[in-house]
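Asker: One structure is given below, represented as structure tokens, and several questions about it will come after.
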Amino acid sequence: MLFMKEIKRTLTFDDVLLRPQYSEVLPKETDVRTTLSSRFQMKIPIMSASMDTVTEIEMAYNMSLNGGIGVIHKNLSHSQQSNMIKQIKHIKNGLYYNIMAFESSNKISMIKEKVFDEYLDDCIFVTVNGSIVNIVSKEDLENKKIDSNSTLESIGRKKIIFAKDSSSLEEILKIMDENKLDFMPIVSETTNGIIAVAKRKWLVPYLNSDDPLIDSKERPKVCGAIGVTEDSIERAKLLIAAGVDAIIIDCAHGHSKKVIELTREIKKLFPKLFLIVGNVVTANGVNDLYKAGADAVKIGVGPGAICTTRTVSGVGIPQFSAILECYEEAKKLNIPIIADGGIKNSGDMVKALAAGADAVMLGSLLAGCDESPSVKVMHNNKMYKQYRGMGSIAAMKAGSSDRYGQDGIKKLVAEGVEGLMPYIGPVKESLYQLVGGLKSGMGYVGAKTLTDLKNKAEFVEQTGIGLKESSTHSIVLLSEQSK
């Protein structure tokens, strides 16, 4: 006699639509803030993924300025990752409060190693007996004509232009524009000492921001990822000391013994830390991580654009159904969930949040932005940025092999690929479009808040022909608009 196991029907985002409902809510009247806990609130429900082609300093900083939060990846040394957190936490109101000054007698080789490798800074002040005599940039020290064995004194001196701390940010930027400066010292009106540095890459985005996500000290908020390795506790300690606002234990299979044990250990050592753990796709996974001490749980196994976990292993659950199942358990436990992967456009994000997610984590939708750490490349006369899955061979060799349970293995099995994403400009514009789509969806449903969206949501299943109808069809496109 043959026995067949029951096969549960599961769906992904393209399989469903939200049913429009009577509404008295206009998109501009919606509130897209989300609360992961009383200690962890976000102005928009979007996190940038902890991927080495998505989130480092610039992405994390700009995510914060736009109300979301970035997660700095772990394919870095302990000091590199913690120093990225420190750099972000040195920024306040668009100015950088970390003065790097060295005597002119210091060797250039030491500066390059200490400052640009360890601290990742981009300018230093050169002093003689404590007085500032020059400003040296990373570009100055990387000049091939400069001998690394020579001292800072060998670098030609520049005219030092500065602004007083009584100047407004707009006045500071005006001085920088007039003198074509990328950085400029800010001097105390009372002591004449340098108290901060105005850096164009931090100041301009701040002046263009409306509602940044900041901590109690008015510094940008930022998260950091750790893996499940022997030195995970050490890495966590350094991130916490650097001022990180939350840590994510990042694993492809979060419902596993080592992840649960690490969660317990970290929560015991750092009870006040906001700890996000993932990834899981089942109610039992959510429950076990909650019991171990997770403050939030990340949902998704294999839905990412560059992930091949399902193809390689045959394991996973379509993301929409995974969110639904995990939300039912999370609601009982009063623990937030974060949908990670599979979101191709703003409509998918609306569906994920309506299905129960409290926030979404985005990779491919942000990888093509200016602020992602990958390089631009030309392909078929179009501009792209490189993008790779953390399960790709290259990424695993760089440090993410533990995420896929392959730490210490010489011959790796890929669970991700490398590719290109179209270059799309500033992340601010991408987030504006994504949040705009979210607000539009909330208006159609009659939901003023994300809680209303969850409570009001009614889904209908669509066929393949319905999906075709949902997309542009029957025309020749003259120009491709943001989707």
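The values are calculated or read from the model by the stated rules, or taken from the named source; none is laboratory data. This structure is a prediction, so every number in the text was calculated from the model and none was measured. So basically every Cβ, Gly included, is an ideal-geometry build from the backbone, and we count neighbours across all protein chains shown. Heavy atoms of the whole protein, side chains included, go into the accessibility calculation; ligands, DNA and RNA do not. Shrake-Rupley method; radii C 1.70, N 1.55, O 1.52, S 1.80 Å.
Asker: So, for segment 352-483, what is the accessible surface per residue at a probe of 1.4 Å, expressed in square angstrom?
Answerer: 55 Å²
Asker: Now, a different point. So if each residue of separation counts as 0.36 nm, and I subtract the Cα-Cα distance between R200 and V315, what length gain in nm does that give?
Answerer: Details: separation 115, 0.36 × 115 = 41.40 nm, distance 4.63 nm.
Using 0.36 nm per residue and subtracting the Cα-Cα distance, I get 36.8 nm.
Asker: Please give the FRET efficiency for I465 paired with I233, using the beta carbon to beta carbon distance and R0 = 35 Å, rounded to the nearest 0.05. All intermediate terms of the calculation are to be shown ahead of the outcome.
Answerer: Working: r = 53 Å, r/R0 = 1.52.
According to the calculation, E is roughly 0.10.
Asker: Sticking with this structure for a sec: Could you state the angle between the C-alpha long axis of helix 169-178 and the longest principal axis of the C-alpha atoms of the chain, as a value from 0 to 90 degrees rounded to the nearest 10?
Answerer: For helix 169-178, the angle is close to 60 degrees.
Asker: Sticking with this one: Report, as a whole number in µm² per second, the diffusion coefficient that Stokes-Einstein gives for segment 118-158 at 37 °C and 0.692 mPa s using the Kirkwood radius over alpha carbon pairs.
Answerer: 299 µm²/s
Asker: Keeping every protein chain present and rolling a 1.4 Å probe, give me the accessible area per residue for segment 129-271 in Å². Mind dumping the intermediate values first?
Answerer: Details: 7730 Å² over 143 residues.
Roughly 54 Å² per residue, with all protein chains present.
Asker: In whole angstrom, note down how far apart the Cα centers of segment 328-380 and segment 404-482 are.
Answerer: 8 Å
Asker: Another question, if that's okay. How far apart, in nm, are two points set 7 Å out from the Cα along the Cα-to-Cβ line at I175 and at E153?
Answerer: Placing both labels 7 Å beyond Cα along the Cβ direction yields 2.9 nm.
Asker: Also: I335's amide H: which non-local residues (gap 5+, or another chain) put their own amide H closer than 5 Å, with H modeled 1.01 Å from N in plane and none for Pro or chain starts?
Answerer: Amide H neighbours of I335: none.
Asker: Roughly how many Å² is the accessible area per residue of segment 25-120, as a whole number, for a 1.4 Å probe?
Answerer: Each residue of segment 25-120 exposes 35 Å² on average to a 1.4 Å probe.
Asker: Bins of 5 Å, beginning at zero and ending with the bin holding the largest distance: percent of Cα pairs per bin for segment 349-389, please.
Answerer: Taking every Cα pair in segment 349-389, the percentages come to 5, 21, 20, 16, 13, 12, 8, 5, 0.
Asker: Using a 1.4 Å probe on the protein heavy atoms, what percent of the accessible area of the chain belongs to carbon and sulfur? Walk me through the intermediate numbers first.
Answerer: Values: 12050 of 23630 Å².
Of all accessible area on the chain, carbon and sulfur atoms account for 51 percent.
Asker: Test of understanding: extend the Cα→C-beta vector of K107 to 7 Å, then name every residue of segment 126-153 with backbone N under 11 Å from that spot.
Answerer: It comes to 148-151, nothing else.
Asker: Using a ≥ b ≥ c from the Cα gyration tensor of segment 95-203 (square roots of the eigenvalues), is it rounded, prolate or oblate, where a/c under 1.5 gives rounded and otherwise the larger of a/b and b/c decides, a/b for prolate?
Answerer: On the way: a/c = 1.96, a/b = 1.66, b/c = 1.18.
Prolate.
Asker: Can you list the equivalent-ellipsoid semi-axes of the chain, largest first and in whole Å, using the square root of 5 times each Cα gyration tensor eigenvalue?
Answerer: Details: eigenvalues 348, 136, 97 Å².
Equivalent-ellipsoid dimensions as semi-axes: 42, 26, 22 Å.
Asker: Could you derive backbone 3J(HN,Hα) for segment 190-200 from the dihedral phi with the Karplus parameters 6.51, -1.76 and 1.60 (θ = phi - 60°), listing whole Hz in sequence and x where the residue is Gly or Pro?
Answerer: 8, 9, 6, x, 6, 10, 7, 10, 8, 10, 3
Asker: Peptides 328-339, 379-390, 63-74: what's the order by average Cβ count within 10 Å, highest mean first?
Answerer: Per-residue Cβ counts within 10 Å, averaged per peptide and sorted highest first, yield 63-74, 328-339, 379-390.
Asker: Taking Cα atoms, how many degrees apart are the long axis of helix 319-333 and the longest axis of the chain, rounded to 10 and kept between 0 and 90?
Answerer: Its long axis makes an angle of about 90 degrees.
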